[in-house]
Amino acid sequence: MVLGCLAFACTSIAQVGGRATYQFLNLGISPRQVALGGKVVTNYDYDPTQGLFNPASINPEMDNQLSLNYNNYIGDVSYGTAAYAYLWDRRTQVLHAGITYINYGKFAGYDEQGNSTDSFGGGEVAVSFGHARNIAFTKFHVGGNVKFISSKLEQYSSLGVALDVALMYVYEDWDLNIALVARNIGTQIEPYETTIEKLPFELIFGMSQTLENIPIRWHFTLENVQRWNVAFANPNRDEIDLEGNATSEKITFIDNAFRHMIFGIELFPESGFNLRLGYNLRRGEELRIIEQRSFAGLSAGFSVKLNKLRLSYAYSKYNSAAATSYFGLNINLQ
């Protein structure tokens, strides 16, 4: 069933940027993920937040772990996540639940004549329930999340439902994890008005491994695998000759290939103190300012374990005028 859903998802029309509603579903879910570039899907350990992005990563080590995360996003926008996992029996029956929300803040309202009206706000929330299974006698794991979505934007509201399905390979001898995740397969149940909008479907492939005898774990992610052409010509980079003729930026095969890639490294991944660094190539290129060093696309963070608490922080750079901070708390309730 899971493989069938993956095959269906791969043939679906790709959604990137403003092509779909409920875009908050693809935002980074934790300081750890954000620090490693934004869309890591290969962590297979204690962190229940990872189950929100890759349900195949849900495992017994998450038992009675509660994760709370908050991001002071751009402007007055803020969002966060919460996740919890519970081991139902002594085998591998782990149940997972999570919440993702975003608050768009307050906006000043005006009518068509420019007269001031009441202020308004907006917000969205998704509640998810997930489960994963090991395929008997293999190192493969399959998992799924079902998500119920509610959105309120000024006077308009919408309801939706979505499914995440994933396949993950965990090879402990090499400490190697490989994952393929199809996210946000679903539909609006109630549209904002009359048109049913598409959800932000995304197919993500990831690999990660801890180096032998070196306390470093590398992460490599391909985002938006379902859509090859994610690069676009930036009109601000047009070249104008002496006669006033404009030549648009050329998008090559390499441009598209690189803009699918995210790289991350995690220092001391098994210890009580971790350092993390990531680079999102698409974000770095699209938000790059010509002839100015803005460090767009870079992210970094750390975590510290204090008994049964683990504190995490991430800093993500968009350009010289915009950056975000992400705070996280993981609590061992055992």
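The values are calculated or read from the model by the stated rules, or taken from the named source; none is laboratory data. Please read these numbers as outputs of a predicted model, since none were measured by experiment. As a convention, Cβ positions derive from the backbone with ideal geometry for all residues, glycine included, and neighbour counts pool all protein chains shown.
For the stretch 304-324, a tally of residues being farther than 17 Å from residue 274 by Cβ and either surrounded by 14 or more Cβ atoms within 10 Å (Cβ to Cβ) or without any contact (Cβ under 8 Å) to a residue 24 or more places away in the chain (or both) returns 7.
For the stretch 195-234, the set of residues classified as closer than 24 Å to residue 299 by Cα and of a type in the set (Gly, Ala, Ser) consists of 206, 208, 231, listed by residue number. Within the stretch 120-148, being surrounded by 11 or more Cβ atoms within 10 Å (Cβ to Cβ) and farther than 23 Å from residue 188 by Cβ holds for 131, 132, 133, 134, 135, 139, 140, 141, 142, 143. Is at least one residue of the stretch 48-55 of a type in the set (A, V, I, L, M, F, W, C), more than 14 Å from residue 183 (Cα to Cα), surrounded by 17 or more Cβ atoms within 10 Å (Cβ to Cβ) and at pLDDT 95 or above? No, every residue in the stretch 48-55 fails to be of a type in the set (A, V, I, L, M, F, W, C), more than 14 Å from residue 183 (Cα to Cα), surrounded by 17 or more Cβ atoms within 10 Å (Cβ to Cβ) and at pLDDT 95 or above. The residue that is farthest from residue 190 (Cα to Cα), counting only those in the stretch 170-179 that are hydrophobic (A, V, I, L, M, F, W, C) and surrounded by 15 or more Cβ atoms within 10 Å (Cβ to Cβ), is 176.
Quick grid of which residues meet (1) part of a loop (DSSP other than H, G, I, E, B); (2) surrounded by 12 or more Cβ atoms within 10 Å (Cβ to Cβ); (3) under 16 Å from the mean Cα position of the chain (by Cα):
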site: 168; (1), (2), (3): no, yes, no
site: 181; (1), (2), (3): no, yes, yes
site: 207; (1), (2), (3): no, yes, yes
site: 228; (1), (2), (3): yes, yes, no
site: 250; (1), (2), (3): yes, no, no
site: 263; (1), (2), (3): no, yes, yes
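Screening residue 47 with (1) charged (D, E, K, R); (2) in contact (Cβ under 8 Å) with a residue 60 or more places away in the chain; (3) out of contact with any Lys or Arg (no Cβ under 7 Å at 6 or more places or on another chain) gives one miss only, at (3). Just checking, which of 76, 118 is farther than 22 Å from residue 221 by Cβ, outside any strand (DSSP E or B) and at pLDDT below 90? Unique residue meeting the criteria: 76. Of the residues that sit in the stretch 88-115 and are over 22 Å from residue 154 (Cβ atoms), of a type outside the set (Asp, Glu) and surrounded by fewer than 17 Cβ atoms within 10 Å (Cβ to Cβ), which one is modelled with the highest pLDDT? Here the residue is 99. A search for C-beta distances below 7 Å between a residue of the stretch 109-132 that is within 30 Å of residue 54 (Cα to Cα) and any residue that is acidic (Asp, Glu) and in a loop (DSSP other than H, G, I, E, B), counting only pairs 6+ apart in sequence or on different chains, returns 122/154.
Against the condition over 19 Å from residue 20 (Cβ atoms) and not aliphatic (A, V, I, L, M), how does residue 264 come out, does it pass?
Values: over 19 Å from residue 20 (Cβ atoms): yes; not aliphatic (A, V, I, L, M): yes.
Taking the combined requirement at face value, the residue satisfies it.
Pick from the stretch 29-61 the residues that are under 17 Å from residue 297 (Cβ atoms) and not in a helix (DSSP H, G or I): which of them is farthest from the chain's Cα centre (by Cα)? Restricting to residues being under 17 Å from residue 297 (Cβ atoms) and not in a helix (DSSP H, G or I), the top hit is 36.
For the stretch 150-163, state whether one or more residues are touching a strand residue (DSSP E or B) at 6+ places or on another chain (Cβ under 6 Å), exposed (fewer than 15 other Cβ atoms within 10 Å of the Cβ) and modelled with pLDDT of 95 or more. Checking the stretch 150-163: at least one residue is touching a strand residue (DSSP E or B) at 6+ places or on another chain (Cβ under 6 Å), exposed (fewer than 15 other Cβ atoms within 10 Å of the Cβ) and modelled with pLDDT of 95 or more. The single condition among (1) within 30 Å of residue 188 (Cβ to Cβ); (2) more than 18 Å from the chain's Cα centre (by Cα) that residue 64 does not satisfy is (1). Restricting the first member to the stretch 271-296 and to residues that are surrounded by fewer than 20 Cβ atoms within 10 Å (Cβ to Cβ), and the second to residues that are charged (D, E, K, R) and modelled with pLDDT of 90 or more, the beta-carbon pairs closer than 7 Å and six or more apart or on different chains are 272/305; 281/259; 285/259.
Of the residues making up the stretch 133-166, those that are assigned to a strand (DSSP E or B), closer than 22 Å to residue 22 by Cα and free of Cβ contacts under 8 Å to residues at least 40 places away in the same chain are 146, 148, 150, 152, 156, 157, 159, 161.
Search the stretch 317-334 for residues being polar (S, T, N, Q) and more than 15 Å from residue 288 (Cβ to Cβ), and hand back the single one that is farthest from the chain's Cα centre (by Cα). Filtering first and then ranking leaves 334. In summary, residue 66 fulfils each of the numbered conditions (1) buried (at least 22 other Cβ atoms within 10 Å of the Cβ); (2) farther than 22 Å from residue 151 by Cβ with the single exception of condition (1).
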